[in-house]
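The values are calculated or read from the model by the stated rules, or taken from the named source; none is laboratory data. No experiment lies behind these values; they were computed from the predicted model shown. Here the Cβ positions follow ideal geometry from the backbone for every residue, glycine too, while neighbour counts run over all protein chains shown.
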Amino acid sequence: MKNSYIFKSQTFTWILTICTVILVRAQDESLTISGSVDAYYKYDFAGYKNDDGLGNIPTSFANEQNSVSLGMLNLILGKTVGKASFVGDVSFGPRGQYQSLLNGGDGNTFNIQNLYMSYAFTDKFSMTAGFMGTFVGYEIISPAGNFNYSTSYLFSAGPFQNAGIKAQYEFSDKVGLMVGLFNDWNAYQDFDGVSDFGAQLRISPVDGWDAYINFLTGGTGAIIDLTTAYQVTEAINIGLNAADFSDFGDGDGGYSGGALYLQYGFSDAFALGVRGEYYKEKEDGWAFVPGGESVTGLTLSANVKAGPLTMIPEFRLDNGSTEMFYKNMGLEPTKSASQFSLALVYAF
């Protein structure tokens, strides 16, 4: 037993040494490692939860009622050598896997968020191929990239990722254009073939103000999307997302809406932000509210920072144009729903 212990100890030491050498070598070759981890608690004030344990408000993440729940471990690797670069982004946990659409039925415990390669032919022109976080919309899957912890209806209804090839040309520091060919939404491999065409026009009128006009059309439907953010002062940031989607299926399906983001930083350690959103589904519906109906959401979030750790207490109130929520576990319908959540996000 003692010899076995010594052997295992020596083996572990060798493995640790090899890993250390690999990490040092990776750092010497400018391999970047970044990402985030997150967890949260959420309470639906109506006390309602469905058979899956989810509360009233049906957006992508932070759904479990009266539960301390995991978000995900997000691990991002990147490297640039000369004009060539790559990004590999893997997530572990429900926010990055089952709740991000892909691989939900495969039984694995991870999900590829991004896996792409780029080549910069010149300072102005580059091409990228692979599986990429979508260019459509304001919010992203990683909570480290959002001010609010819960997500908007527009984020939840739109694409999460696009697989394909795209070309980017920067005409100047004020104007840029991307065009690309992609698989259908959220498909890292599409057996029906490449079906979508996408484009993005970037306009930066003044320092601190960027606006993106996004267009994507193909197998699922056609979406046009405006995303803009303006850093008014060091403390004040204003953002806007507006989108209209038409489903190519039978009938008049799809959605439209807009979200306004206002944030004020009182200090490096504390900021408050509010998101106001209007979301409407077309006659045949799409995902979250009955066809032809709408919902208005108001979300108040604080960001309390301690170095790389951010605590996000958040209150959210959603109000529908018809009775689309429940007052209690008795399933008595109501037009409004409210919830409180407390999230911890550690970015590295």
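Can you tell me how many residues within segment 138-152 are surrounded by 24 or more Cβ atoms within 10 Å (Cβ to Cβ) and part of a helix (DSSP H, G or I)?
So the answer is 1.
Could you check segment 306-329 and list, in sequence order, the residues that are assigned to a loop (DSSP other than H, G, I, E, B) and either touching a residue at least 24 places away in the same chain (Cβ under 8 Å) or of a type in the set (A, V, I, L, M) (or both)?
Within segment 306-329, Pro308, Ser321, Thr322, Met324, Lys327, Asn328, Met329 qualify.
What do you reckon, is Ala242 among the hydrophobic types (A, V, I, L, M, F, W, C), closer than 27 Å to Leu309 by Cα and touching a Gly at 6+ places or on another chain (Cβ under 6 Å)?
When the stated conditions are applied, Ala242 does not pass them.
So, in segment 47-77, exactly how many residues are in contact with a Lys or Arg (Cβ under 6 Å, 6 or more places away or on another chain), modelled with pLDDT of 90 or more and crowded, with 20+ Cβ neighbours inside 10 Å?
Going through segment 47-77 one residue at a time, the tally reaches 2.
Condition check ((1) at pLDDT 95 or above; (2) outside the structural domain of Ala242 (by TED's automatic domain parsing)) across all residues:
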| position | (1), (2) |
| --- | --- |
| Met127 | yes, yes |
| Phe135 | yes, yes |
| Tyr138 | yes, yes |
| Tyr149 | yes, no |
| Tyr153 | yes, no |
| Gln161 | no, no |
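Against the condition among the polar types (S, T, N, Q) and closer than 18 Å to Tyr138 by Cβ, how does Asn319 come out, does it pass? Before the answer, list the steps.
Details: among the polar types (S, T, N, Q): yes; closer than 18 Å to Tyr138 by Cβ: no.
Taking the combined requirement at face value, the residue does not satisfy it.
For Glu283, are the conditions met, namely being assigned by TED's automatic domain parsing to the domain that holds Asn50 and closer than 21 Å to Ser152 by Cα?
yes
Anything in segment 153-178 that is surrounded by fewer than 21 Cβ atoms within 10 Å (Cβ to Cβ) and outside any strand (DSSP E or B)? List them, or say none.
Scanning segment 153-178 gives Ser156, Phe160, Phe171, Ser172, Asp173, Lys174.
Restricting attention to segment 179-201, which residues are in a loop (DSSP other than H, G, I, E, B) and either more than 26 Å from Ala129 (Cβ to Cβ) or charged (D, E, K, R) (or both)?
Asp184, Asp190, Asp192
So which residues in segment 302-348 are under 19 Å from the mean Cα position of the chain (by Cα), closer than 17 Å to Asp44 by Cβ and hydroxyl-bearing (Ser, Thr, Tyr), if there are any at all?
Ser341
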